[in-house]
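Structure, as structure tokens:
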Amino acid sequence: EEYWNSSKFKAFTFDDEDDELSQLKESKRAVNSLRDFVDDEDDDDLERVSWSGEPVGSISWSIKETAGSSGSSQEGREQLKSRNSFSTYAQLPKPSSTYSLSSFFRGRTRPGSFQSLSDALSDVPAKSYAPELGRPKGEYRDYSNDWSPSDTVRRLRKGKVCSLERFRSLQDKLQLLEEAVSMHDGNVITAVLIFLKRTLSKEILFRELEVRQVALRHLIHFLKEIGDQKLLLDLFRFLDRTEELALSHYREHLNIQDPEKRKEFLKTCIGLPFSAEDSAHIQDHYTLLERQIIIEANDRHLESAGQTEIFRKHPRKASILNMPLVTTLFYSCFYHYTEAEGTFSSPVNLKKTFKIPDKQYVLTALAARAKLRAWHDVDALFTTKNWLGYTKKRAPIGFHRVVEILHKNSAPVQVLQEYVNLVEDVDTKLNLATKFKCHDVVIDTCRDLKDRQQLLAYRSKVDKGSAEEEKIDAILNSSQIRWK
Amino acid sequence: FHILFVPRRSLLCEQRLKDLGVLGSFIHRDEYSLDLIPFDGDLLSMESEGAFKECYLESDQTSLYHAAKGLMTMQALYGTIPQIFGKGECARQVANMMIRMKREFTGSQNSIFPVFDNLLLLDRNVDLLTPLATQLTYEGLIDEIYGIQNSYVKLPPEKFAPKKQGDGGKELPTEAKKLQLNSAEELYAEIRDKNFNAVGSVLSKKAKVISAAFEERHNAKTVGEIKQFVSQLPHMQAARGSLANHTSIAELIKDVTTSEDFFDKLTAEQEFMSGVDTDKVNSYIEDCIAQKHPLIKVLRLVCLQSVCNSGLKQKVLDYYKREILQTYGYEHILTLYNLEKVGLLKPQTGGRNNYPTIRKTLRLWMDDVNEQNPTDISYVYSGYAPLSVRLAQLLSRPGWRSIEEVLRILPGPHFEERQPLPTGLQKKRQPGENRVTLIFFLGGVTFAEIAALRFLSQLEDGGTEYVIATTKLMNGASWIESLMEKP
């Protein structure tokens, strides 16, 4: 693959020549003209240096800057004071980790290279995000208290640290939120919401957000992300969003590993305002886990005692806890098939408790008994006595499914054959019989269909000199059949 | 410590770090802003997996904001796009954000000659159907079966073991074979967008061409000729390697597509898409649940039926839900709720099924599909034309006014915006010259849809060439998975 995918672009090195950059004069010009409108709060002088310079130049410049930052900051601040600009961070070059357009273009002027890394280095001296303690005291002196909500929000968008504490009154806070929402930047909205969550009472916060849909959605998403389950549920309760309340509460069960604790938790979910259908499912979930805990304890005991044949022959591969209902039924049909309805582990009990439909029950029991090669049990599943005392085979699922499951479990041909014969649709019957080599069925069906051609064709598939071949010959030669 | 946030810094992240008490130990926090990543000459993606869930389930429009920023960057590099068309709530939001952002930077007129004539913004939920169906293009099938991640695919190694002569009993590699897939590879570019059934003949023709090329060495007599042959050698060897790889991949895919289950699944899908029996419980789906096929496969199918029926009858829905919960576990109530909320699996309201109208008006189901030499985009699903691409096609010719009624049935507003250009830059297309449309899928796009758009681009009298952008390259499985609730 290297041939097709060799890169045309070399990796970035500090010695890069700027010829690629000069080729993109158009975009550079466009971007430069934008410079004036981006970030008027920042010190444009410093901006210019990093913008037009080569990467080498800007790096050395930035190294110089960081070395002399304490010195230059004094000067810078004086300048800034007179310009009535806000930020104490303005004397530091604008970090490229902002949302302004210029930061994009810097990255884009060299397609394919990673030169924005150099920009990052050039623009952000190491000290700009020093730990709290490390900040020179001087920086706080010029902390302006004059930022309007819209300016604050704009600063947040650029990723600048900003204290929101000065917004004390409710009205100020709401205005801040309004500004943030109109900016559409989810990051900023979240930042403001974190602040409001901290500084407003729950009731007021909820009341105000109820009428502000966008902010409300953000808060819900935020609470989900940080896992503040309690506040989230309170919010849903306040908003009367009952179904979401119920589901949010229910979701927590996934985080509880201990089966007993999970069972107790599920109990608290019953009766919550789910939809009618879901309420039934939640109830079943609880009941199922309750039963599984009992079965698991019991069976583990039986298994370790070593007296029960089924467990000795087929040791359990996994615990039954937290398994779905159908899996539990299969397990029960496998290990506890003959038990009476009274026990928790009997299949019949499960069927009754969870109202499992016949179809599902028969399918699962069949799979379990077939796996154990208990063909008599399989027979019993489908045999019903009619009022005359005769036995008849019926199935709620279609015998072709039965045949498939039997085949999957390597049932002997005699067993397979019997059930293939019961398939109602003739084409399906023939298909399955051919697929599973149930010769007699094929032969008989062809004879019934009076299809000489197919019978002839099948003759070549049976073993030479076998009983089947003889049978075919006998039929072919029979004068009693009127072939098609 | 340094920390680089990619693709963007988030205050939420920093808050978390602060709560854990480690924020101060990072002396350098920065972000490497990656909005739209080029995947190929005509394909860009934000690779934001959570975008669909955020926008359509949680109504959080942060990803849309970043899409808008990505588009502003595109405009700065390739010129202001004079016309914006859109369909869907999110599309409307993105357009609004773009217009607002442009206003904030007025005075800085972009003097780049515009490359794009149009921008088409499409919400994923305008077409919930297409990603649910199994893709049938070569690249689409690779993605469906093995999953393409960032242009790479991991394949079972057995077929890729190097064959050495006289070699017996050599151990087969156990590590998955990783291949890069993009249009730089000649053969792949040729076959990726074809219907899988048309790939075989291309491969065999290629094999003949390459064999013939290697045979040329016998004809090279003069030093000059030999020199020329040798210079071609790397290309020929690469071509041969490429052919070997894709022949192996095609064999792997064929094993799947010729299986009985694949055929049954496709039959069920195509029945739904052509409008057959969408209001009853489907027996193939029942069988899949009974045999406990992977849950995502089952969910894709029931959602497909629901979308093709404008929602399922309550009885049918309850039946499916109960079967699923009893077979896979009750905890999936949460996922089913999410699917209902985004409209993928829901009860039918109003008792009306709108899908037949949409299907007939937009000609979504084409009975006579030519897989080898397609004449219509429906070849990518062997009969079903992706709704989203059909909308793009009709926008180009004859325009959306001809399908007003259908557009009103589909969710979300549709709109048109113009962005004024300075007079010197206004483009006058020569007759016969194609327009260029940037089409942005908000919520994800599949390879089959990309193939369909490329098909339209290369049509003789198509009139439009497409560049495709999206929030994520996805398929039905990764899409549904993003909506599942996990602990």
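The values are calculated or read from the model by the stated rules, or taken from the named source; none is laboratory data. Note that the coordinates shown come from a computational prediction; the quantities given were computed from them, not determined experimentally. FYI the Cβ positions are ideal-geometry reconstructions off the backbone, even for glycines, and counts take in every protein chain you see. For accessibility, only protein heavy atoms count, side chains too; no ligands or nucleic acids. Shrake-Rupley method; radii C 1.70, N 1.55, O 1.52, S 1.80 Å.
For this structure, a couple of remarks:
- Scanning segment B:263-301 for residues that are of a type in the set (A, V, I, L, M) and part of a helix (DSSP H, G or I) returns B:Leu266, B:Ala268, B:Met273, B:Ile285, B:Ile289, B:Ala290, B:Leu295, B:Ile296, B:Val298, B:Leu299, B:Leu301.
- Within segment B:1-15, if we keep just the residues that are more than 7 Å from chain A (Cβ to nearest Cβ) and of a type in the set (D, E, K, R), the residue that is least open to solvent (accessible area, probe 1.4 Å) turns out to be B:Glu14.
- Criterion violated by B:Arg359 - all others in (1) buried (at least 20 other Cβ atoms within 10 Å of the Cβ); (2) within 11 Å of chain A (Cβ to nearest Cβ); (3) over 21 Å from B:Asp264 (Cβ atoms); (4) not β-branched (Val, Ile, Thr) satisfied: (2)
- Within segment B:335-350, residues that are more than 10 Å from chain A (Cβ to nearest Cβ) have Cβ atoms under 6 Å from residues that are surrounded by fewer than 16 Cβ atoms within 10 Å (Cβ to Cβ) and not in a loop (DSSP other than H, G, I, E, B) in these pairs: B:Pro347/B:Gln314, counting only partners at least 6 apart in sequence or on another chain.
- Note on segment B:40-62: residues that are part of a helix (DSSP H, G or I) and either surrounded by fewer than 23 Cβ atoms within 10 Å (Cβ to Cβ) or at pLDDT below 90 (or both) total 4.
- In segment B:69-84, the residues that are of a type outside the set (Val, Ile, Thr), outside any helix (DSSP H, G or I) and either crowded, with 23+ Cβ neighbours inside 10 Å or modelled with pLDDT under 90 (or both): B:Gly79
- Unique residue being crowded, with 18+ Cβ neighbours inside 10 Å and touching an Asp or Glu at 6+ places or on another chain (Cβ under 9 Å) when the list is A:Phe206, A:Phe238: A:Phe206
- Scanning segment A:281-309 for residues that are of a type outside the set (D, E, K, R), surrounded by fewer than 16 Cβ atoms within 10 Å (Cβ to Cβ) and either under 26 Å from B:Tyr328 (Cα atoms) or touching a strand residue (DSSP E or B) at 6+ places or on another chain (Cβ under 6 Å) (or both) yields A:Ile294, A:Ala297, A:Asn298.
- Count - residues of segment A:426-484 that are modelled with pLDDT under 80, of a type in the set (Ser, Thr, Tyr) and assigned to a helix (DSSP H, G or I): 0
- Residue match in segment B:331-350 (condition: open to solvent by 30 Å² or more (accessible area, probe 1.4 Å) and of a type in the set (S, T, N, Q)): yes
- B:Val467 being out of contact with any Leu (no Cβ under 8 Å at 6 or more places or on another chain) and either part of a strand (DSSP E or B) or not assigned by TED's automatic domain parsing to the domain that holds B:Cys90 (or both): no
- Evaluation of B:Glu47 against (1) at the interface with chain A (Cβ under 10 Å from one of its Cβ atoms); (2) at positive phi; (3) not polar (S, T, N, Q) (one fails), failing number: (1)
- Pairs where the first residue, in segment B:273-293, is touching a residue at least 24 places away in the same chain (Cβ under 8 Å) and the second is part of a helix (DSSP H, G or I) and among the polar types (S, T, N, Q), C-beta under 7 Å, 6+ apart: B:Thr278/B:Gln305; B:Ile289/B:Thr327; B:Lys292/B:Thr327
- Residue within segment A:164-175 that is assigned to a helix (DSSP H, G or I) and within 14 Å of chain B (Cβ to nearest Cβ) present: no
- Picking from residues in segment A:214-248 that are basic (Lys, Arg) and assigned to a helix (DSSP H, G or I), the one that is nearest to the other protein chains (Cβ to nearest Cβ) is A:Arg217.
- Taken together, the criteria place B:Gly412 among residues that are at positive phi and open to solvent by 30 Å² or more (accessible area, probe 1.4 Å).
- Enumeration of residues in segment B:1-29 that are over 35 Å from the mean Cα position of the chain (by Cα) and of a type in the set (D, E, K, R): B:Lys18, B:Asp19
- Some residue of segment A:417-425 being within 30 Å of A:Leu381 (Cα to Cα), assigned to a loop (DSSP other than H, G, I, E, B), touching a His at 6+ places or on another chain (Cβ under 7 Å) and assigned by the TED database to the domain that holds A:Lys393: yes
- The residue of segment B:17-39 that is farthest from the other protein chains (Cβ to nearest Cβ), among those that are open to solvent by 40 Å² or more (accessible area, probe 1.4 Å), in contact with a helix residue (DSSP H, G or I) (Cβ under 9 Å, 6 or more places away or on another chain) and within 27 Å of B:Leu77 (Cα to Cα), is B:Leu34.
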